[in-house]
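Working notes, structure below.
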4 protein chains.
Amino acid sequence: MLVVMEHGATSEQVAGVVRLIEELGYQARPMPGSQRTAVGLVGNDGRVEGSRFETLPGVAQVIHVTKPYKQASREWHPDNTVVTIAPGVHVGGDDITLIAGPCSVESEEQIVAAARAVRAAGASCLRGGAFKPRSSPYSFQGLGKRGLEMLALAKRETGLAIVTEAMDDEGAELVAEYADCIQIGARNMQNYSLLRTVGRLGRPVLLKRGLAATITDLLLSAEYVLSEGNAQVILCERGVRSFDTAARNMLDLTAIPIVHKLSHLPILADPSHGTGLRDKVIPMARAAVAAGADGILVEVHPNPERALSDGAQSLFPEQFAQLVGELRTIATAIGRTITPVPGTSTAGVA
Amino acid sequence: MLVVMEHGATSEQVAGVVRLIEELGYQARPMPGSQRTAVGLVGNDGRVEGSRFETLPGVAQVIHVTKPYKQASREWHPDNTVVTIAPGVHVGGDDITLIAGPCSVESEEQIVAAARAVRAAGASCLRGGAFKPRSSPYSFQGLGKRGLEMLALAKRETGLAIVTEAMDDEGAELVAEYADCIQIGARNMQNYSLLRTVGRLGRPVLLKRGLAATITDLLLSAEYVLSEGNAQVILCERGVRSFDTAARNMLDLTAIPIVHKLSHLPILADPSHGTGLRDKVIPMARAAVAAGADGILVEVHPNPERALSDGAQSLFPEQFAQLVGELRTIATAIGRTITPVPGTSTAGVA
Amino acid sequence: MLVVMEHGATSEQVAGVVRLIEELGYQARPMPGSQRTAVGLVGNDGRVEGSRFETLPGVAQVIHVTKPYKQASREWHPDNTVVTIAPGVHVGGDDITLIAGPCSVESEEQIVAAARAVRAAGASCLRGGAFKPRSSPYSFQGLGKRGLEMLALAKRETGLAIVTEAMDDEGAELVAEYADCIQIGARNMQNYSLLRTVGRLGRPVLLKRGLAATITDLLLSAEYVLSEGNAQVILCERGVRSFDTAARNMLDLTAIPIVHKLSHLPILADPSHGTGLRDKVIPMARAAVAAGADGILVEVHPNPERALSDGAQSLFPEQFAQLVGELRTIATAIGRTITPVPGTSTAGVA
Amino acid sequence: MLVVMEHGATSEQVAGVVRLIEELGYQARPMPGSQRTAVGLVGNDGRVEGSRFETLPGVAQVIHVTKPYKQASREWHPDNTVVTIAPGVHVGGDDITLIAGPCSVESEEQIVAAARAVRAAGASCLRGGAFKPRSSPYSFQGLGKRGLEMLALAKRETGLAIVTEAMDDEGAELVAEYADCIQIGARNMQNYSLLRTVGRLGRPVLLKRGLAATITDLLLSAEYVLSEGNAQVILCERGVRSFDTAARNMLDLTAIPIVHKLSHLPILADPSHGTGLRDKVIPMARAAVAAGADGILVEVHPNPERALSDGAQSLFPEQFAQLVGELRTIATAIGRTITPVPGTSTAGVA
C-alpha cells in the first residue's frame, strides 16, 4: 500500500502516517519526491483498510499495490487450473468445452431433444435452467426439482454432463445432487452466503460475472468459493451493462485474456446472454474462441419460436451445428481443439 | 406491445404476426405507415414474452408499451405509500426521515455512543450492520447475532428505530426479530429468493438499488416483495457504477424525482455509499433532500478513524449535527420538515 | 510515478527499471516489500510516458502519483478563481450565478421575451444557441450569425450577459465578438483545436463535461485553454452517459464537490441537459445548488410547447421564477446568495 | 412515432394529441388498448421532434419507430458499400483489410521501417499519426505537415495506402492532399463541423466510434459525411468507456454484427486502442475477424520500447506477422480472405 501525501504536506503529517503504519505492525518507507512525498507500507497481507489512512491530515490518496485476492491469483498459483466436470469433460486445458442447451427446462421431450441435438453437433455438456432468476415476479420461474429430474434423464439418455443454476442454499443442495456443475448467475455473483454454500458442496462451480462487476470483483467472488476449500471454479463472461441498448448487454471479450493473465482459473463466454440476439450469438461465439475462451455456454432450443424464455437468443440446432464446424477451424488457428463428446451410457444414443 | 415490421416486410409477414397475436388470445391492430407497418397487441397484461415475436420473419423490433411492474406503479396506486418503521417514525409523507449510524456494529460502547450522538443531532433511526457483505472474504464480516443484540440495546437506550441489513434467509429471520426495518443491500437487489423471504416476514423493507440496476429493475425487485403481500417497501438510491473512479460510485439523484413519478413508494438516498468520501457526503446529503428524497441514510461513527469498515466515508458526530441544521433550512424551501426524534423508552437518555 | 514489479521479479528486472529511470534523467527509489518490489520515479514533471515502463520484463503495473494537469489544479493555485463574465457578473465567489434562456435562438421576439422573463425571475445571464450541435444532420442547426445578432439585441434590451456556444474556429471568433462568454459543448470537450482557439480569444470560456469524460479529462481539457494563457474558465456538469434510459443523461452532482477539491475553477450544473425532462429539472437545479454549484445553466422558453429544439426540457417562465425563490432559501442554508440581476442599459426594461 | 397515453388519460387528452399530429400535417392512428391508448403518427419522415408531444397532458411516453438516419441505413441501401482506399485496396467486400503502423510518425527512418515491416507481414495500408489528439496539452502532439510528408515517402517506398487522422478543417485539407483515407478520431466523432468538411473533400473517411457513442450515434455521425455527398465511409469500433479499469477501454465487438445488420457501411476494429495492452491486442484482433470485422487497424512499431506514444499497446513486427498468419486461418472459417499487399511503385521494396 502506498500513502500519497498532498503537495505541501508537513513533516508532522508525514510522521503521522508513519506512526499509524507502525502502530498497525507494518514497516513504513517514506519516499520524498520533487513534488510530494509518498509513504510505502511494507508487509501488507491484503487486510489493511486503506480508509484508516485516507482520514489522516495531509493524505491525498491511498493506492493499493497488492491484489485483494490470493487463491484466485496466478501469482500464487502459476499453473492453469483444469476443472473436471465429469469423466472426460475438462475445462481449462487445451480443449475448448462446448456447453449448450435451452434457457429453461420445459419438459422431458424438450430437454431430451435438446440434449440429443447439441450432442450430435459436438457439445460435451448440457445446460438448462430448473431455477430461473427473472427480473419480473410474473415471468416463468422454472420447474424446480422436476426440472432437475428431467436434466438427469437427459444425462442418462445422452451421457452429457449437466450444468444448471442454483439461486439459494436449498436449491444449491438439490442441484449438487442432480448436476455435475453448479452455476451461479450474474445476479448472484455477490451473494456471498450462496458463494460460501457452494464452496462447501464439493461440486465444480461455474461463476458468472455480474452486470457491473469488474474483473477484480469477479475474482474476489471466486475467492469466496476457493476460501471454502473448493478449487473447482470456472469463470464466465456473459456481458455487462452498458449505455447502448443496441444489444441486451455488452460482451466484454477482453476479459478473457485479462483473466488468463491475472488468474489460473478457466474462463468461458456466454454469447447468448452477452448479446441477447440470435444472429449476434454466432459471430460472438466465434470471437470468444478466437479470443482464447476455454469454452462457450450457448443457448440452443429444439424449437426457439416456442421457448418459454429467451427464445430470441436461442439458436436453432442446425445453426449450432454449423457454428461448431466454424469453431473447429478457429481453434486450429490457436493450437486448440474442441472437447470431444463424452461416451454414452445408453444404447439409445446415435 | 407494438411489433414493428421491417421496411419492405411482405403482407404475409404482417399476417404471420397477426396470427401469432391471435393464437395467444390477444387482439391485433395493424397500423400501416408511410415507411413501415407496426402491429399493436391489445390486451397484454404484462406477461407476453416479446421474444416470441422477434424471431418471426419481417419483424424489425418489439416495443413494450406496458410497464413490467404493477403493484409498485403509481398508475395503479396513485397515492403515496407511507411506511411506518416504528411508532411515530414514518417514511414517505411530508417528513424527511434521517437514518444514521456506523457502517458496522463493533461493540456495545460504540453502537450506544453512535445512537446517542445521532439522536442528539436529530436522527430518528439508527443504522448499523451486523451482517456485512464485503467484496473480499478476508474483510471484517460483522458480528452477526451479537451485533443484533447490541442494536436492540441501543434501541432500549435511545428509543431510535433500528434499520439493519440481512444477507440470507436465516439472517433475515433474525433481523426481523431484532430490528424495525430489514435492509436489502445493493448486491442482493436481485437475489429473488431473499426478496420473497422478506416479503413474507411482515417487517418494512429498505431495498437498495443495485450497482447496475435501472430504475425499472429496482421497481421490479420491489414488485417481488409487494407480490408476497408486503406493501411496506422503502427504496434507496446509493450510487451506481460509472466509468469515473473519482468517487466510489455515481450517486444518481435524478432517480428520486423519477421514482416519485413512476411509483408511490418512498425513496431515500445514501450519500455515504453513493460517494465513498466523507467530504462529499455532506453536500450530497443536502442535494438529496433538495432533490426531494424522503430521507437520507448516512454513516456516522463516534470515532471514524478507528472504524473497522468504511471509516473514510463516516461523518464525525459534529459534522452530522451541522448537516442536520442545513437540512432543516433546505426542507423549508420545499415545504417539508425533518421527522422528529422519537420519544424514548428509558430514563437514561438525555 | 511508481513502477510495481511482479511478485517474483528478478533483481535484474528491477535493475532494468532503475536503469531506464536514470537514463531518462530521473532518480529511482526501489522499495522492496514483503510480497513485491516497487520502484519510485522521483522528479517527474508530469510528462513521463508510463507506457515505456509497462513493456519492461517483470513489471506488473505503473501507477501515476502526480496529477496530469497543473494550471487547473488547486495544489498549484489554492485560491478560487472568480471569472468575470460581465461587469457585476462573477462566477466562482460566494454568489450563485443563474444563466437561463432557450435552447436555441429562434427569433427576435422569442429571445427578447425569454431574456425579459428570466431577468424578471432573477437570472443575470442569458443563454441561447445560435450554433447548435445536433446528433442528426436533419435537425434544426441554429440561426448562426443572425442568432448572435439577436442575442446582442436581447442584451441591449435587458442588460443580461450573454453565454452561447461555438462549434468551430470560425464560429468561435464570431461568438467572441457578440457574446460575453463562449460555451464549448459536451461533444467538443476534447476538440483540442477548438480549445486552443478559445484559449487565445480573450473571452471567458464555459467548458461542458463530455458524455464519457472523467473529471480528470475535464480538468485536462480546461488545461488546454489555460495553457494558452486564458485563465477565465468555468466548468459545467451536464450529465454523463449511463446504462439507464430513464433520463437523457445521468447528472453527476458529486462532480461539484470533487472539482472544488481538485481545482480552483468554478463549476456550474446544467440540469436541463442533465436530465432531459422538465419535471426533473426543478428538483435537480435545487440539488445542484445544495451540492455547492457556483451557478446553474437552465433552459427556459417563453413557450416551450412551440420550441424548435429541446422543448420537453425547457421550463415555463413561471416555473423558473418559482425555482429561483426556492434556490434563494437553499443558498442561505450554505451561506451563499444569488448573483443580483445586472443594471440595465436601456429604459425599456421593467 | 407512437405517442403512448397514460393509463386513465381522458378522451380530450387523446384528442389533443390527434389534433397536434394533424396540425403538423401527418395522419393520426389512435389505438385504444385494454390498459392505455397509444396514438400512431403516420408519414413521419424522421424530422418530427417527439418533445412537442411529451409536453401534452396525458402523454406517458413518445416512442420513435423510424430510425433517425437514412443514407447510412441498410433499409434504404441493401447492398454492402465497398470503399476503395487505393487501387486494389477495398474495404467492405469479402476481403479483410489490414491497416497497421505506429501510433505516431516519429521520423523518416521509423515510418519507413514500420511500413516495410507491416507490408512484409501482409498489411495493405499504413497507419501513423501526424496530428495527435492527446488528453494532455503537455504530451507529444505529432509532427504535423512534416509527418504527412514522411507518410508520403513511406508510401512511395512500399506502395501501401495511407490512413491518417485529421483534427480540424485545416488539417483535413492537408491530410486529403497526402493520404488515401482521412481518419476522424473518437474524440471528434461528434465534431459536426469537421464531419461536414471531410464530407466535401472527396476522400474516403475512416470514422471511429466515440467513447460513449451508441451505434445509433455512430451511424448519425456517418450520416453527416454521407449527407455532404461522400459515400466512402468506413466505420471503426475502438472501444468505449466502461466501469472497469482493467483495460483502457471496453472493445465492443458485438458492434460489428450489429452495424452489419443496420447499415451497408463496412466496419473495422481497432484492438490497440480498444484494449491499450499489447498482450490483449493479439487475441482481440483474432476475435474481431472472427466476429466479422471488415478489417483491423492495429499499432505496430519497429521498436515499441522507444515509441513516443502508445508504446505499451504497439506490437513488435514479429508479433504482427504471427497474428496475420492466425487471421488467415480464422478468415477461412467464415469464407473470407485477407486483402493482398498492393503492388509497389519502386524497385526498393522486397
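It is to be established whether one or more residues within region B:252-266 are closer than 30 Å to B:Arg74 by Cβ, of a type in the set (S, T, N, Q) and part of a helix (DSSP H, G or I).
Within region B:252-266 (the criterion being closer than 30 Å to B:Arg74 by Cβ, of a type in the set (S, T, N, Q) and part of a helix (DSSP H, G or I)), the answer is no, since none of the residues qualifies.
With C:Ser139, C:Ser193 as the choices, which residue is within 14 Å of another protein chain (Cβ to nearest Cβ), more than 19 Å from the chain's Cα centre (by Cα) and not acidic (Asp, Glu)?
Going through C:Ser139, C:Ser193 in turn, just one is within 14 Å of another protein chain (Cβ to nearest Cβ), more than 19 Å from the chain's Cα centre (by Cα) and not acidic (Asp, Glu): C:Ser139.
Quick one: B:Thr55 ticks every box in (1) out of contact with any Gly (no Cβ under 9 Å at 6 or more places or on another chain); (2) among the β-branched types (Val, Ile, Thr); (3) within 27 Å of A:Pro137 (Cβ to Cβ) bar one, so which box is it?
Checking B:Thr55 against (1) out of contact with any Gly (no Cβ under 9 Å at 6 or more places or on another chain); (2) among the β-branched types (Val, Ile, Thr); (3) within 27 Å of A:Pro137 (Cβ to Cβ), the one that fails is (1).
Consider D:Leu41 carefully, then state whether it is out of contact with any Ser or Thr (no Cβ under 7 Å at 6 or more places or on another chain), on the phi < 0 side of the Ramachandran plot, in a strand (DSSP E or B) and touching a residue at least 24 places away in the same chain (Cβ under 8 Å).
yes
Quick check: is even one residue across region C:40-55 assigned by TED's automatic domain parsing to the domain that holds C:Ala152, out of contact with any Cys (no Cβ under 9 Å at 6 or more places or on another chain) and among the hydroxyl-bearing types (Ser, Thr, Tyr)?
no
Mind listing just one residue for me: the one in region A:119-128 that is touching a Cys at 6+ places or on another chain (Cβ under 9 Å) and free of Cβ contacts under 8 Å to residues at least 60 places away in the same chain and, of those, nearest to the other protein chains (Cβ to nearest Cβ)?
Result: A:Gly128.
Answer with yes or no whether B:Ile267 is over 25 Å from D:Thr245 (Cα atoms) and touching a Pro at 6+ places or on another chain (Cβ under 9 Å).
Taking the combined requirement at face value, the residue does not satisfy it.
Report yes if D:Pro304 is free of Cβ contacts under 8 Å to residues at least 60 places away in the same chain, in the same structural domain as D:Leu206 (by TED's automatic domain parsing) and of a type outside the set (A, V, I, L, M), otherwise no.
When the stated conditions are applied, D:Pro304 passes them.
I'd like the full set of residues that are part of a loop (DSSP other than H, G, I, E, B) and surrounded by fewer than 24 Cβ atoms within 10 Å (Cβ to Cβ), limited to region B:293-305.
B:Pro302, B:Asn303
Of D:Ala9, D:Ala28, D:Ala100, which residue is in contact with a strand residue (DSSP E or B) (Cβ under 7 Å, 6 or more places away or on another chain), of a type outside the set (Phe, Trp, Tyr), buried (at least 21 other Cβ atoms within 10 Å of the Cβ) and away from chain C (no Cβ under 12 Å)?
The match here is D:Ala100.
Residues in region C:94-108: is at least one outside any strand (DSSP E or B) and without any contact (Cβ under 8 Å) to a residue 24 or more places away in the chain?
No, because not a single residue in region C:94-108 is outside any strand (DSSP E or B) and without any contact (Cβ under 8 Å) to a residue 24 or more places away in the chain.
Quick grid of which residues meet (1) crowded, with 22+ Cβ neighbours inside 10 Å; (2) within 14 Å of chain B (Cβ to nearest Cβ):
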residue	(1), (2)
A:Met5	yes, no
A:Arg19	no, yes
A:Arg36	no, no
A:Val42	no, no
A:Gly50	no, yes
A:Thr55	no, yes
A:Gln61	no, yes
A:Lys70	no, yes
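I need the full set of residues from region C:119-136 which are more than 22 Å from the chain's Cα centre (by Cα) and either modelled with pLDDT of 95 or more or among the acidic types (Asp, Glu) (or both), in order please.
Within region C:119-136, C:Arg119, C:Ala120, C:Ala121, C:Gly122 meet the criteria.
Considering only region A:148-160, I want to know if a residue exists there that is within 14 Å of chain B (Cβ to nearest Cβ) and within 24 Å of the chain's Cα centre (by Cα).
Within region A:148-160, none of the residues are within 14 Å of chain B (Cβ to nearest Cβ) and within 24 Å of the chain's Cα centre (by Cα).
Okay, residues lined up against (1) closer than 22 Å to C:Gln61 by Cα; (2) touching a helix residue (DSSP H, G or I) at 6+ places or on another chain (Cβ under 8 Å):
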residue: A:Thr37; (1), (2): yes, yes
residue: A:Val42; (1), (2): yes, no
residue: A:Ala60; (1), (2): yes, no
residue: A:Ile85; (1), (2): no, no
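Take A:Leu308 and tell me if it is within 21 Å of the chain's Cα centre (by Cα), of a type in the set (A, V, I, L, M), at the interface with another protein chain (Cβ under 9 Å from one of its Cβ atoms) and in a loop (DSSP other than H, G, I, E, B).
Taking the combined requirement at face value, the residue does not satisfy it.
Let me spell it out: the conditions are (1) within 8 Å of another protein chain (Cβ to nearest Cβ); (2) free of Cβ contacts under 8 Å to residues at least 40 places away in the same chain; (3) among the hydroxyl-bearing types (Ser, Thr, Tyr), and C:Thr66 meets all of them except one. Which number is the exception?
(2)
Within the group D:Arg286, D:Arg328, which residue is touching a strand residue (DSSP E or B) at 6+ places or on another chain (Cβ under 9 Å), charged (D, E, K, R), assigned to a helix (DSSP H, G or I) and in the same structural domain as D:Ser136 (by TED's automatic domain parsing)?
Only one candidate passes the filter, namely D:Arg328.
Report, by residue number, each residue of region A:261-276 that is farther than 18 Å from D:Ala288 by Cα, of a type outside the set (Lys, Arg) and touching a helix residue (DSSP H, G or I) at 6+ places or on another chain (Cβ under 9 Å).
A:Leu262, A:Ser263, A:Leu265, A:Pro266, A:Ile267, A:His273, A:Gly276
When you scan region B:272-282, how many residues do you find that are within 9 Å of chain C (Cβ to nearest Cβ) and outside any helix (DSSP H, G or I)?
So the count comes out to 1.
Can you find, within region B:196-238, the residue that is farthest from the other protein chains (Cβ to nearest Cβ) among those that are β-branched (Val, Ile, Thr) and within 18 Å of B:Val82 (Cα to Cα)?
Within region B:196-238, the match that is farthest from the other protein chains (Cβ to nearest Cβ) is B:Ile234.
Looking at C:Ala290, C:Ala285, C:Ala255, C:Ala269 in this structure, which one is buried (at least 24 other Cβ atoms within 10 Å of the Cβ) and at the interface with chain B (Cβ under 7 Å from one of its Cβ atoms)?
C:Ala290
How many of the residues in region A:166-190 are closer than 20 Å to A:Leu265 by Cα, touching a strand residue (DSSP E or B) at 6+ places or on another chain (Cβ under 8 Å) and within 14 Å of chain B (Cβ to nearest Cβ)?
Adding up the residues that qualify gives 4.
The values are calculated or read from the model by the stated rules, or taken from the named source; none is laboratory data. None of the values given here were measured: they were computed from a predicted structure. All Cβ positions, glycine included, derive from the backbone under ideal geometry; neighbour counts span all protein chains shown.
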